[in-house]
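Presented below is the structure to which this report refers.
The values are calculated or read from the model by the stated rules, or taken from the named source; none is laboratory data. Since we're looking at a predicted model, the values are computed, not measured. Please note: Cβ atoms are built from the backbone with ideal geometry, for glycine as well, and neighbour counts cover all protein chains shown. Quick note on the areas: whole protein, heavy atoms, side chains included, nothing else; ligands and nucleic acids left out. Shrake-Rupley method; radii C 1.70, N 1.55, O 1.52, S 1.80 Å.
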Amino acid sequence: MSLAIETTDLTKVYRHTAALDHVSLGIEKNTICGLLGRNGAGKTTLMSILAGQELKTSGQARVLGADPFENAAVLAQLSFARENQKYPEEFKVSHVLRTAPWFYAGWDAGFARRLIGEFRLPLKTPIKKLSRGQLSAVAIVVGLASRAPVTFFDEPYLGLDATARGIFYDLLLQDYMEHPRTILMSTHLIDEAANLLEHVVVLQDGRKILDSSVEEATASAFTLSGTATAVAEATGPRKVLRTQALGGLRSVTIAGIPDERLYADARAGGLEVGPVSLQELVAAHGLLEGGEPAAVAHPAEKDQTEAKEALR
Amino acid sequence: MSITQPRPVAGAPSAQPTLPTQRPVGALMKIVRLHFADPMRMIGVPLFIFGSIIVLCIVVMGLLRSFAPASPAELTEGFGYNQATLWCFAGYFVSIGVMAYSRTMPFALGMGSTRRQYFVGTCLALLLESVFIGVTMTVLLALEKATGHWFNGARVFDVVAIGNGSYSSTFLMGFGLSAAMLFIGAMFAVVFLRWNQKGVIAVIFGTVAVLLALIWLLLAAGVNPFGWFEGATFAKIALIMILVALISATGSWLMLRRAPVGR
């Protein structure tokens, strides 16, 4: 399977800070990939470089097998609406609908009209007067109806209510099934998007901390929950990625695959062994806590993490 | 969450054929058309500005004819020094040039245009706009002459500043002035993309310094730069403005090649 997006030691340094720090990753063609990370982790910078809008400082970026910067053949197959996308002054949604087809061989006007209806977008209102949610909807319409072989969505849900977000996820998946393409979507709403994603890339402070298929990622850990003492006994020396405590109850995310011994201990202690969700896994990798991953090596650190979790 | 469909398997064979690189509209033409997609901005507003200036001048002439102690013939002659046309659209055209790069370019690049395609297409669009203004001013000059200066002697286009009633000079002045303003605006927008506000201020100071140095050098060498303008004055002024546009366009391209877009 060939890669749609590939970076090797990709680095972008702004005056004093590294927005991307030697990021190497590969995203297969025709997958939906989630780009996760906190604000300022480098998600938009990565997409900007891949879309040829920003210059890299060093390393390599390849889209559809070639460097995208000023590459007409590559960029012609790409759609990228930023979270703060700018539109020509005085443009209305109707102008966007009229001009976007000029840029995309695969533009589906019928689908665009349907999306406009689903998101209840007013055609005649100037874009600069649209609400945050409506702006996101415009970007979604262009991103989906363009059917660009490589489509980037930069936090496409901002300002959308839960219903509209549901519509977006449903339509995205439905259209993707009919017209497979490579979709890279930056998001904070991991739980919501988890069912869509086949691949995840997690960035933290410009560094890649996870790059794998969702299946592999969620198979790399499991959760164990029950009373604190029973959980501690069953966990034993296993590597705990994250601990959550509520009163006398405790839930831990443990690296690896549960073995017979653990199942036996769990039965004996009345514990529940469950799969780890993407959200929990990403949290376990330290994304939500900030700073270093919360992998617990020493009891002191473990206590600190527990205290933090309890506070949360 | 309402999604119930199974997730497709990564790496499953795809029904998608190899996508054509052929674009539905030519790479340059789509940029030109993009600039004219909102006809109000490029056509409607300039026509509205010219219309307003004509009405304003007619009203001013009416007031003067009613209250000023001068004959209508003297007033019409005095109106020959009216510079309204020269300045009425200059500011607006600088802003069109600015918006071409600050607002329209991020949109076009987000939809897969390259910087080169966008730059060349935009140059074509700005030149077309300049031709449109040159032609409009020439047509309005003809209309002004045919109506006896808008029926009350108000001279708006038949004025010294833009060609003294000559059709060719008026066209050249309209074209040159538009091109200069549009391309200067575009260049400052590119400077802003590349170096933000500090860059804009530096370029303004730099340009003023270079111009002053040039004038100082010419005067010190005993050359009267204004002497060069004698004979075919308007063609020469237009030529200088076209040169200004050309220099601005060249500078824009050199800076644009490495400028971040869309931030």
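What share of the DSSP beta bridges in chain A is antiparallel, in percent to the nearest 5?
Here the antiparallel bridges make up roughly 70 percent for chain A.
What FRET efficiency comes out for the pair B:Glu230/B:Leu254, r = Cβ-Cβ distance, R0 = 60 Å, nearest 0.05?
In this case the efficiency is close to 0.95.
Taking beta carbons within 10 Å but only from partner chains, what does the mean come to for residues A:25-32?
Mean shielding by partner chains, rounded to a whole number: 3.
Taking θ as phi - 60°, what are the ³J(HN,Hα) couplings along the stretch A:6-21 by the Karplus curve (6.51, -1.76, 1.60), each to the nearest whole Hz, with x for Gly and Pro?
8, 10, 10, 6, 5, 10, 10, 10, 8, 2, 10, 10, 8, 6, 9, 10
Just to verify a number: what accessible area does B:Ile237 come out at with the full protein assembly present, 1.4 Å probe, Å² rounded to tens?
Approximately 50 Å² of B:Ile237 is accessible to the 1.4 Å probe.
Can you give the mean number of other chain Cβ atoms that lie within 10 Å of the Cβ atoms in peptide B:96-109?
The shielding value for this peptide is 4.
Relative to a virtual label point 7 Å from the Cα of A:Ala268 in the Cα→beta-carbon direction, which members of the stretch A:230-257 show backbone nitrogen distances below 18 Å?
A:230-238
Just to verify a number: FRET efficiency for A:Asn71 and B:Leu218, C-beta to C-beta distance, R0 = 30 Å, to 0.05?
Plugging the Cβ-Cβ distance into 1/(1 + (r/R0)^6) gives 0.05.
Using the beta-carbon distance between A:Asp161 and B:Arg33 and R0 = 45 Å, what value does 1/(1 + (r/R0)^6) give for FRET efficiency, to the nearest 0.05?
The calculated FRET efficiency here is 0.80.
Quick one: which residues, 5+ away or cross-chain, put their amide H under 5 Å from the amide H of A:Arg242? H built at 1.01 Å from N.
A:Thr253
Long-range amide H contacts for A:Lys92: which residues qualify at under 5 Å (H placed 1.01 Å from N, peptide plane, sequence gap of 5 or more or a different chain)?
Amide H to amide H, under 5 Å and 5 or more residues apart or across chains, A:Lys92 pairs with A:Ile127.
Considering the options A:Thr31, B:Leu63, B:Ala180, tell which one lies farthest towards the positive end of the dipole of the protein assembly as shown, charges being +1 on Lys and Arg and -1 on Asp and Glu at the Cβ, about the Cα centre.
B:Leu63
Hey, can you list the DSSP H helices of chain B whose Cα span along the axis is 24 Å or longer and whose average Kyte-Doolittle score is at least 0.5?
Helices passing the filter in chain B: B:45-67, B:115-146, B:167-220, B:233-256.
Count charges around A:Ala66 for me, please; just the other residues with Cβ under 15 Å from its Cβ, Lys/Arg as +1, Asp/Glu as -1.
0
Beyond a 25 Å Cα-Cα separation, which of these cross-linked pairs lie in this structure: A:Lys12/A:Lys208; A:Lys56/A:Lys208; A:Lys128/B:Lys198?
Violating the 25 Å Cα-Cα cut-off are A:Lys128/B:Lys198.
Per DSSP helix of 4 or more residues, -39500 (n - 2.57); summed, then divided by the residues of chain A. What does that give at 222 nm, rounded to the nearest 500?
Taken over chain A, the calculation gives -10500 deg cm²/dmol.
Once the whole set of protein chains is in place, how much accessible area is left on A:Thr8, using a 1.4 Å probe, in Å² to the nearest 10?
60
Counting only other residues whose beta carbon sits under 14 Å from that of B:Pro72, what net charge do I get with K and R as +1, D and E as -1?
Spelling it out: positives minus negatives among the neighbours equals 0.
Students sometimes get this wrong: rank A:Glu90, A:Glu192 by accessible area, probe 1.4 Å, all chains present, largest first.
A:Glu90, A:Glu192
Within the stretch A:7-22, name every residue whose backbone N is under 18 Å away from a label modeled 7 Å from Cα of B:Trp195 along the Cβ vector.
A:15
With charges set only on the Cβ (+1 for Lys and Arg, -1 for Asp and Glu), what does the dipole of chain B come to about its Cα centre, in debye to the nearest 20?
In debye, rounded to 20, chain B gives about 1340.
For the pair B:Cys88/B:Ser66, report the inter-label distance in nm, with labels modelled 7 Å from Cα in the Cβ direction.
Output for this residue pair reads 2.1 nm.
Restricting to DSSP loop positions (anything but H, G, I, E, B) with no more than 15 other Cβ atoms inside 10 Å of their own Cβ, which chymotrypsin sites (Phe, Trp or Tyr not before Pro) remain in the stretch B:22-72?
B:Phe36
Applying a 10 Å radius around every beta-carbon, put A:37-49, B:158-170 in order of their mean neighbour count, most first.
Result, highest mean first: A:37-49, B:158-170.
Helix A:162-178 versus the longest principal axis of chain A: what angle, 0 to 90°, nearest 10, using Cα atoms?
That helix lies at roughly 80 degrees to the long axis.
Write out the trypsin sites (Lys or Arg not before Pro) in the stretch A:224-275 meeting two conditions: DSSP loop, and at most 16 other Cβ atoms within 10 Å of their Cβ.
Answer in residue order: A:Arg238, A:Lys239.
Which is farthest toward the positive dipole end of the protein assembly as shown among A:Thr229, B:Val32, A:Leu184, measuring Cα position about the Cα centre, with Cβ charges +1 (Lys, Arg) and -1 (Asp, Glu)?
So the residue we want is B:Val32.
What does the C-alpha gyration tensor say about the overall shape of the stretch B:24-256? Classify as rounded when a/c is under 1.5, otherwise prolate if a/b is larger than b/c, or oblate.
oblate
Run the dipole for chain A about the Cα centre, Lys and Arg Cβ at +1, Asp and Glu Cβ at -1, nothing else charged, and hand back the magnitude in debye, nearest 20.
1100
Need the per-residue list for the stretch A:161-181: every residue with at least 20 Å² less accessible surface in the complex of protein chains than in the chain by itself, probe 1.4 Å, sorted by number.
The answer is A:Asp170, A:Leu173, A:Met177, A:Pro180 - residues whose exposure falls by at least 20 Å² when every protein chain is included.
Give the carbon-plus-sulfur fraction of the accessible surface of chain B in %, rounded to a whole number; probe 1.4 Å, heavy atoms of protein chains only.
On chain B, the fraction of accessible area on carbon and sulfur atoms equals 74 percent.
Could you provide, to the nearest whole Å², the per residue accessible area of the stretch B:24-256 with probe 1.4 Å?
Computed with neighbouring chains in place, this is 46 Å² per residue.
Quick check: the angle from helix A:109-118's long axis to the longest principal axis of chain A, C-alpha only, nearest 10 degrees?
For helix A:109-118, the angle is close to 60 degrees.
May I ask which residue of B:Gly78, B:Ile96, B:Trp150 lies farthest towards the positive end of the charge dipole of the stretch B:24-256, with charges of +1 (Lys, Arg) and -1 (Asp, Glu) on Cβ and the Cα centre as origin?
With unit charges placed on the Cβ atoms, the residue in question is B:Ile96.
Taking the Cα centre of the stretch A:1-105 as origin and charging only Cβ (+1 Lys, Arg; -1 Asp, Glu), how large is the dipole, in debye to the nearest 20?
For this selection, approximately 240 debye.
With a cut-off of 8 Å between alpha carbons and a minimum separation of six or more residues, what is the relative contact order of chain A in percent?
Reported relative contact order: 18 percent.
How tilted is helix A:299-311 with respect to the longest principal axis of chain A? Cα atoms for both, answer in degrees (0 to 90, nearest 10).
60
Over chain B, what relative contact order in percent results from Cα pairs under 8 Å that are six or more residues apart?
In percent, rounded to a whole number, it is 24.
Contact order normalised by length for the stretch A:40-177, with contacts defined as Cα pairs under 8 Å and 6 or more residues apart; what percent is it?
Relative contact order for the stretch A:40-177 comes out at 26 percent.
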